[in-house]
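Everything on this sheet refers to the single structure shown next.
The values are calculated or read from the model by the stated rules, or taken from the named source; none is laboratory data. Note that this is a predicted model, so its numbers are computed, not measured. Cβ placement follows ideal geometry from the backbone for every residue including glycine, while neighbour counts extend to all protein chains displayed.
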Amino acid sequence: MTEATLLLRQVNPAWIQGGRITSQVFKPTPKDQKRLSVYDGDRISAEDSWKHYTQSVGYSAVGVVAVSVGECGRQELPAEADPEAFPEHVTINFGDFSNAQIEKKAKYLKQAALRRGWLHEADFAP
């Protein structure tokens, strides 16, 4: 991965409000152990990552947004390859931060993703 590598994030329908993504898209839940699962955009397209997530894994997503490795780095969030789950799997590690810091970093990443726009949208409306 390089600084420009896009980290593809699947967007759950619950993470859309008023037609826009919320910062929850980039906020790990307690079960995630402060690691956010994403796909390595150098290894898989946004559409293929969505197909994998919704068809192979069986989760719900309305589309794909992304942040770059560099944008994560500017927030001191390491992007770490984790191919044990599947070859294109990467985690963004929030482990060193408090909940308040995680919230700020998630908002920063959301804004970066909003500037970039949707990389893939499902055929149905959220």
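Descriptive notes on the structure:
- Of the residues Ala4, Ala79, Ala61, the single one that is more than 18 Å from Phe94 (Cα to Cα), touching a helix residue (DSSP H, G or I) at 6+ places or on another chain (Cβ under 6 Å) and modelled with pLDDT of 95 or more is Ala61.
- Filter pass, Gln10 being part of a helix (DSSP H, G or I), polar (S, T, N, Q) and at pLDDT 95 or above: no
- Tabulated pairs, the range 50-64, first more than 15 Å from Trp118 (Cβ to Cβ), second part of a helix (DSSP H, G or I), C-beta under 8 angstrom, 6+ apart or interchain: Tyr59/Tyr53; Ser60/Pro13; Ser60/Thr54
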